[in-house]
Structures are given as structure tokens and as C-alpha cells.
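Data first, discussion second: the structure below is written as C-alpha cells.
Nothing in this text is a laboratory measurement; each read-out follows from the coordinates by a stated rule. This is a predicted model, so every value here is computed, not measured. Neighbour counts run over all protein chains shown; Cβ positions are idealised from the backbone, glycine included.
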Amino acid sequence: MVCRVASLGSVRERPSWQFFAAMAKSVTGMATLWWAILLVRALIPAAIAVTTGWLVGSVQQGAELGPPLVGFAVVFLASQVAPPVHQVVGTLLGHRFSGVLNERLMTATTGPDGIGHLERGDLTNDLTTARDFDLGWTGPPMYLNMDFIAAGLVTLLGGIASAVVLFGLVWWAPLVLLAAWGSTHWLLRESGVWRDRNTAEVKTARRHTDYAYNLATEPPAAKEVRLFGLGEWLLERFTRHRLQLHDLQYRATKIRERSLVGALVLVLAGNVLVFWVLAGRAFDGAIGLQAVVTYAGAAFGASATAFGGLSWAMDGAAAPVVALNTLEPAMAAGGALSPGRPAGGAVAPASAPEIRFRDVTFGYPGVGHPVLEHFDLTIPAGTSMAIVGQNGAGKTTVAKLLCRLYDPDSGAIEIDGVDLRDLDLPRWRERLAAVFQDFVRYELPLRLNVAPLGADDALLADALRAAGAERLAEPDTPMAKGYPGGIDVSGGQWQRIALARAVAKVGSGAKVVLLDEPTAMLDVRGEHEIFRRLLEATVDTTTILVSHRFSTVRLAQRICVVEHGQVVETGSHDELIALGGRYRHMYELQASRFVEVDEHGEEVVHESL
Ligand SMILES: Nc1ncnc2c1ncn2[C@@H]1O[C@H](COP(=O)(O)OP(=O)(O)OP(=O)(O)O)[C@@H](O)[C@H]1O
Ligand SMILES: [Mg+2]
């Protein structure tokens, strides 16, 4: 019993099982139709053997030819109609199933509350397989593969049906023939290591191929490709990895000679045995011409159960399903946050809250050392706090923790005294507006860049004005050249759009604003002006500003200096200058020659403090 359960379990783990189970579950109606037509097709060879025998027998016996002829005609008609109909159904099924797999992957990537699952290197290969399976790099796309799978299954099941007909000859004939032809599966499968066609090596080669291809064909790298003369190098890299990919796949699918000979011997022995008996019965007169024709046809038809193209097609088609079945639980676990205490979560604050990092220690998953260690910081309600520190000090990490993209390893982040883990997460995120250091440039109309989920025209105009982007484009202009009427804008202009997005969210009720290098790409005059307007727009929020520009930083009410994952200084600009510590040192380094804009909007160059 234990053994039986275990073997059922291992059947369920087989890629082909996972493939058909996923298909039956998600595209049930069409999959059922596909299987029904497949069964009809599979019965045709056996039906041909039987009706041919019937016809020949009737001719021999001088019996009425009408019924066998009608039977033959029906089988013939089915053999002509079923394949093209099956192909159409298979194509539709393939398209629908691909879509379902794509949706499942999108749910797996966007579903988790955290983002740790997208940073797990061990999931990258499966992610690539599940994402790019329909591009045709390592096999035909799903809709085409359905045709190969159908052909392979029709042949296989047709062979079994033919073998069953031989039961009439002698009870063991089907078993002998199925065992003989079936042995080819076992022998060739074991020898061909075909199960490993999608090895980690193959997947890695595929990733390198993809990457070189994308770098060469997508605009973002175009400048550097030319400047650094990378064109030929990319082409060489692409070709090398592509050849390696196919070489690896070919080697994995090669059949070894010894197994081939073994398979041939078994097949020959099985067939000799069955045909020997058939011939013997015919000579003895135990069976007539009708039976001889039927059984000979059936024995011939049984050969269709031999190892063939079905295995290769299944291998390619099942790979994304297997990858998804692995990814879904792994991503759910990797991106999961620790469960909060109260069911449903405490309500997010309605007004600008106090934010407190209390003894927070945090390290990225899989990285040995912590980024923040015993990090303590309080940002009073409704105030602005600038965070300064060297590259890699952990400033962006603070912002990510506040968005609850990760949870601290120890310590807590408190919002008005409530642990962030106890707040209702969607509500909390509604209260947050952010400009991330690596903000997204959406290839969408300006309107959706500012408010991806929509906003009324007044809110849109206010946000664009606050970010100094009011004259950039019409609200419905696509922000990418590849679309009709689309435009592209400069780096600083994109940054203003990202700022407008944050301001629009403040207009929709956000009470905490995170600005991670929000003005790094703005010119001096623009930065000053934008900041003035931003402070106006965020007067009712608790604001965290990360910046390397001290002309911006000094506008914040309070400033903290982060070093080695800890807060080493906090205070207002004047207090920190008076303290004469890290802040003053950094400030003086930058201020030894910096440009400020005075109250009349004129640039004033300071040679030193
Ligand atoms: N997703 C990640 N996985 C692993 N390590 C990370 C990840 N993101 C950042 N780190 C590491 O964490 C540390 C802090 O990174 P963080 O982005 O918070 O620095 P930062 O202070 O914002 O730097 P910068 O001024 O360059 O923006 C760095 O050592 C960085 O290499
Ligand atoms: Mg950063």
C-alpha cells in the first residue's frame, strides 16, 4: 500500500502529468474536447484493421458488402475529418493554456507582499523558463507543440488499441507486443538522458543568449554599445551561447548505441513470436483470411507504441509548467512577510504619523551581514527628515523597510506607536507616496505616469505643476517614441514626472512621503524651485528625503547621518554644523564650491562656506 501511494506520488511528479493536470484544471472544456478527438483519432488504426478484415472476409465468403463498406467509409471519414479539427482545437488550446501560464507567472511575481522572491538567484532559471517558453528559443511555442503532442499521443494510443485487437488471436499477444515496443521507451529514455534536456546548464546558456540578444536589440543599451564598441562582442556572445545551448540540448538527447541494439532485439523477438503464432493458426486453418488480415494489421499498428517524438514534445511543453509549479510556492515563501498580530490589521493613520525605527536590524535574504544594525530613528509627525550617508550606507534600505517590502530581522518600525507589521498593509501603502531612486518610466500616457490607476484632471494638473512638469506634454501623450504621437523626454524631465506621481498620491490622501534622490537629475535652478513647491505640497505629511545634495538636504527640518547601518548624528542643519561632526565634514567637502539660488532666483556661487 505504501509502495502504491509512493508510486502514485512519483507519477504526479512526472512533467507530463503536471502538464496535463494543469491544462485540465485551467482550460477544462477545451482540454476535454481535445482529449475526446484524440481518442477518436487513436481508435482509427485499430478500426481500419478491423473493417479491412471484415471487408476482405465478406468478399471471401461472398457475404453482403454493404455493412463492411459503410463501416469502412465511416472510419475513413473520421480519419480525414478528425486530424484537421483536432489541429484547430489544439492550436486554440495551446494559445489559451500559454495565456493561463503567463497569468500564473504574473500572479506569482506580483502576488507576494514583499519583494524578496524576485531577488532569489536560485529561482532565476525557472523564472526564465516559465517566462520565455513561448518565444521558441529552446523548442516550439505551446500552440505548435500541441500538434506534436497530439500526433505523438494518437500514435501511442492507436498502437495500444491495435494491440488490444490481438487479444482475439491469443490472450498474451497484446502483452508481448506492448512489452516489446514499450521496452524502447525504457531503454532509450534511460540511455538518452533526455529527461535532463532542460538542465541548469541549458537554462543558464539560454539566459546568456537572451541577455546578449536583448542588449543588442533594445534601446537603453544602444548608446553604450556604440561608445564601447560592443556590437561584435554582443553578436559573438549571442552566437556562442546559442550554439552552446543547442549543443547541450543535442548531447542530452543523443541515443546510445547499446540501448538501441537492446531495444531492437526485444522488438524483434516479440514480433517474431506473435507473427509465428499468427502464421501457425493460419496454416492450421484455425483462423480465416478476415482474421489474418485483421491481426496482421493490428500487429503492425502496435509498433506505433515505440519511443518517439512525443517524448521530445512533452519535454519542451511541460518545462514551463514544472518551472511554475516550483516557482509558485517558492515565490510565495520568498516574498512573504511575517504575519501581523491582529486579524485584518490595525487601521493605517489618517493624518501624518510619527515614524519610529526602534533598534532595527536587517540584512537582505541570503546575504551574510546586516545592512542596518540597531538602527534607531524617530521622525516626528508631520515633519521632514533628510537621511544622508555614503553610497551603500543603507538609506534606500530604510525606505524599502518603511514600505514594508521587507520586514526587519529584529526590532520594529512603529507608526504612531503601532508596529508596522500590525497595520493593514494595503491601507498603509495607500498612505505612502514615494519617488524611488530607480523609479519606473512607464511607457504609457503622461496621465497614467502621474496616476497609474487614474485621477481627475485637476489633481493631475496640480501634481504636474508642483513637480514643474506642467508644460511637458498633453495628458494623453504616450511617453515613449514607439507609440503613435509618442515622445521621449530627458532624464530630469522623467524625474519630474516621478515627482508628480508622488505629489498626486499625496493629493489622494498619502500621509507619508519618501523621496529617494528625487532631484538628482534636476538642474540647480529647477531643484530649488521644485523643492519649494514640493514642501508646499507635502506640508501635511511626514516626509523622508534621501539626497547627496546638501543644498536640498538643508531644507529638511531634521537631518540624520547614517554610517555602517546606524544613525550617527541627528539634528537640524544648523545644529549639525555647530556639532562639527560627520555632517559638517561632508557638507564642507561639497560646499567648498557650490551654487545656490537666492530669493530672486539668481544663482549665487559659493567658493566656500
Ligand atoms: N536587494 C539587495 N540584495 C542584497 N543586498 C542589497 C540589496 N540592495 C542593496 N543591498 C546592499 O545593501 C547595502 C545598502 O544598500 P542601499 O541601497 O540601502 O544603500 P544606499 O545608502 O541607498 O546607497 P546609495 O547612496 O548608493 O543609493 C549595500 O551594501 C547594498 O549592496
Ligand atoms: Mg540608495
FRET efficiency for SER490 and GLU232 from the Cβ-Cβ distance with R0 = 41 Å, rounded to 0.05, comes out at 0.85
Give, in nm to one decimal, the length gained when the segment between LYS223 and PHE167 is fully stretched (0.36 nm per residue of separation minus the Cα-Cα distance). 13.0 nm
The range 516-589 shape via C-alpha gyration tensor axes, a/c threshold 1.5: prolate
5 angstrom amide H check on VAL371, placed H, neighbours 5+ away: PHE362, GLY363, TYR364
In the range 115-243, if the dipole is taken from +1 on Lys/Arg beta carbons and -1 on Asp/Glu beta carbons about the Cα centre, which of LEU234, HIS117, ALA221 is farthest to the positive end? LEU234
Can you run phi through the Karplus equation (6.51, -1.76, 1.60; θ = phi - 60°) for the range 482-494 and list ³J(HN,Hα) in whole Hz, with x for Gly and Pro? x, 10, x, x, x, 10, 10, 10, 6, x, x, 5, 4
What FRET efficiency comes out for the pair GLU588/ASP422, r = Cβ-Cβ distance, R0 = 56 Å, nearest 0.05? 0.85
For the range 440-501, the dipole about the Cα centre with charges only on Cβ (Lys and Arg +1, Asp and Glu -1), to the nearest 20 debye, works out at 240
Dipole of the chain, positive direction: furthest Cα of TYR406, HIS573, LEU534, with charges on the beta-carbon: TYR406
Could you name the lysines in cross-link range of LYS481, using Cα to Cα under 26 Å and dropping any fewer than eight places away on the same chain? LYS223
With the dipole of the chain defined by +1 on each Lys or Arg Cβ and -1 on each Asp or Glu Cβ, the option from VAL506, GLY159, PRO478 whose Cα lies farthest towards the positive pole is GLY159
Net charge of Cβ neighbours under 14 Å - reference ASP516; Lys, Arg +1; Asp, Glu -1: +2
Excluding TYR364 itself, calculate the net charge of residues whose Cβ lies under 14 Å from the Cβ of TYR364, where each Lys or Arg counts +1 and each Asp or Glu counts -1. -2
Between helix 15-26 and the chain: long-axis angle, C-alpha atoms, 0 to 90°, nearest 10: 70
Note, ³J(HN,Hα) from phi for the range 394-405, Karplus 6.51, -1.76, 1.60, rounded to Hz, x at Gly and Pro: x, 5, 5, 4, 4, 5, 5, 5, 5, 6, 6, 7
Reachable lysines from LYS400, criterion Cα separation under 28 angstrom, eight or more residues apart if same chain: LYS505, LYS511
What residues have an amide H closer than 5 Å to that of GLU569, excluding those fewer than 5 places away on the same chain, when H is modeled at 1.01 Å from N in the peptide plane? VAL561
Mind putting a number on the dipole of the chain about its Cα centre? Charges go on the C-beta only, +1 for Lys and Arg and -1 for Asp and Glu, and I need it in Debye to the nearest 20. 2480
If I model a spin label as a point 7 Å beyond the Cα along the Cα-Cβ vector, how far apart are those points for ASP284 and GLN80 in nm? 4.2
Which residues qualify? For VAL513, with a placed amide H closer than 5 Å and at least 5 residues away or on another chain, they are ALA433, THR542, THR543, ILE544
With the cut-off at 1.5 for a/c, could you classify the chain from its C-alpha gyration tensor as rounded, prolate or oblate? prolate
When the Karplus curve 6.51 cos²θ - 1.76 cosθ + 1.60 is applied with θ = phi - 60°, which whole-Hz ³J(HN,Hα) does each residue of the range 200-207 get, with x for Gly and Pro? 4, 5, 4, 5, 5, 4, 5, 5
